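The values are calculated or read from the model by the stated rules, or taken from the named source; none is laboratory data. These figures come from a predicted structure and were not determined experimentally. FYI the Cβ positions are ideal-geometry reconstructions off the backbone, even for glycines, and counts take in every protein chain you see.
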Amino acid sequence: MNLFSSIGVRTKIPALLVLAGILFSCVNDLDTIQQVTFDPDAPDETTTDLRVHYTDSGYARIQIYASLAETYSKPERITKLKDYVKIDFYSDEGRIISTLTALYGEVNTETGMMFVRDSVILRNLDDKQYIETEELFYNQKDSTVFTEKYVIIKKEGEGIIGKGSGIKTSPFSKFRKGDILDPEGKGLI
C-alpha cells in the first residue's frame, strides 16, 4: 500500500462518521417541539390596526377600530382590543351619531357583549354631550350601554349636567339625568 492511498482512507472514514452523525442527529420530535413552542395563554389570532363593521339587515350599525386585537377561542370566543379602541355607532340613515373611545376593550362574540375600560368617553355627536367613566358595557342585543362605576355627563359649552354612580342608556339617544342609576347633586338635567 502506498502512502497516498492510506491517507485517503484515513480522511474518508472520519468524514463519513461526521456526516452520519449529522444525518442521524437531525431528528425532529413533534411532541418535544410543541412542548417547547406551545403557550396555552397565547392568542389564536393577532391583528394590528383592526377595523370591523357590524351590520344589521345590510345597514351599518357599529364600526370598531383597535390598534391591537388578540382573539382567543377558549373558553369563549373573546377578542381583546388593546392600546386604543374606538367604536362608531351609526343611525338608521347611515351616519355616525355616537363615538366610544377607551384604551382597552373586549368583545364576546358568543354573548354579544362588549366591555371597554380605562379613559372611557362616549360622545353623542348630535346633542354634543359626552359621558366619562372608567368602564362601560355595550349589549348588542338591546343596544344599551351601562356601568355601575362613577359617571359624569357633560355638554359642550355647559359643563357637567349630570353625575353619579352607574348609568344605563343607549348610544343612539340623548343622555339624561334619569339614565344615571344613583344621581348626585340637584338641578342637573
Condition broken by G185, with the remaining ones in (1) part of a loop (DSSP other than H, G, I, E, B); (2) out of contact with any Lys or Arg (no Cβ under 8 Å at 6 or more places or on another chain) satisfied | (2)
When you look at T79, is it modelled with pLDDT of 95 or more, surrounded by 17 or more Cβ atoms within 10 Å (Cβ to Cβ) and in a strand (DSSP E or B), yes or no?
-> no
Tell me which residues, restricted to the stretch 150-182, are basic (K, R) and in a strand (DSSP E or B).
-> K154, K155, K163, K168
Qualifying residues in the stretch 142-189 (those that are within 19 Å of F89 (Cα to Cα) and in contact with a helix residue (DSSP H, G or I) (Cβ under 7 Å, 6 or more places away or on another chain)) - the one surrounded by the fewest Cβ atoms within 10 Å (Cβ to Cβ) | K168
Can you tell me which residue within the stretch 82-110, out of those that are of a type in the set (A, V, I, L, M, F, W, C) and within 15 Å of the chain's Cα centre (by Cα), is surrounded by the most Cβ atoms within 10 Å (Cβ to Cβ)?
-> V85
Pull up the stretch 145-189, narrow it to residues that are of a type in the set (V, I, T) and in contact with a Phe, Trp or Tyr (Cβ under 6 Å, 6 or more places away or on another chain), then point me to the one that is nearest to K128 (Cα to Cα).
-> I153
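Listed here are the residues, each with its yes/no results for (1) at pLDDT 85 or above; (2) over 22 Å from S98 (Cα atoms).
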| residue | (1), (2) |
| --- | --- |
| V18 | no, yes |
| F24 | no, yes |
| V27 | no, yes |
| T32 | no, yes |
| D56 | no, no |
| Y65 | yes, no |
Test R117 against the criterion of being out of contact with any strand residue (DSSP E or B) (no Cβ under 9 Å at 6 or more places or on another chain) and either of a type outside the set (S, T, N, Q) or within 15 Å of Y54 (Cβ to Cβ) (or both), and give yes or no.
-> no
Would you check if V85 is of a type in the set (A, V, I, L, M, F, W, C), at pLDDT 95 or above and closer than 14 Å to I62 by Cβ?
-> yes
Every residue from the stretch 86-111 that is of a type outside the set (A, V, I, L, M), more than 24 Å from Y72 (Cα to Cα) and assigned to a strand (DSSP E or B) = F89, Y90, S98, T99
Looking at the stretch 34-54, which of the residues that are at pLDDT 85 or above and either of a type in the set (S, T, Y) or over 19 Å from the mean Cα position of the chain (by Cα) (or both) is surrounded by the most Cβ atoms within 10 Å (Cβ to Cβ)?
-> T47
Before we move on, is D118 surrounded by fewer than 17 Cβ atoms within 10 Å (Cβ to Cβ) and assigned to a strand (DSSP E or B)?
-> yes
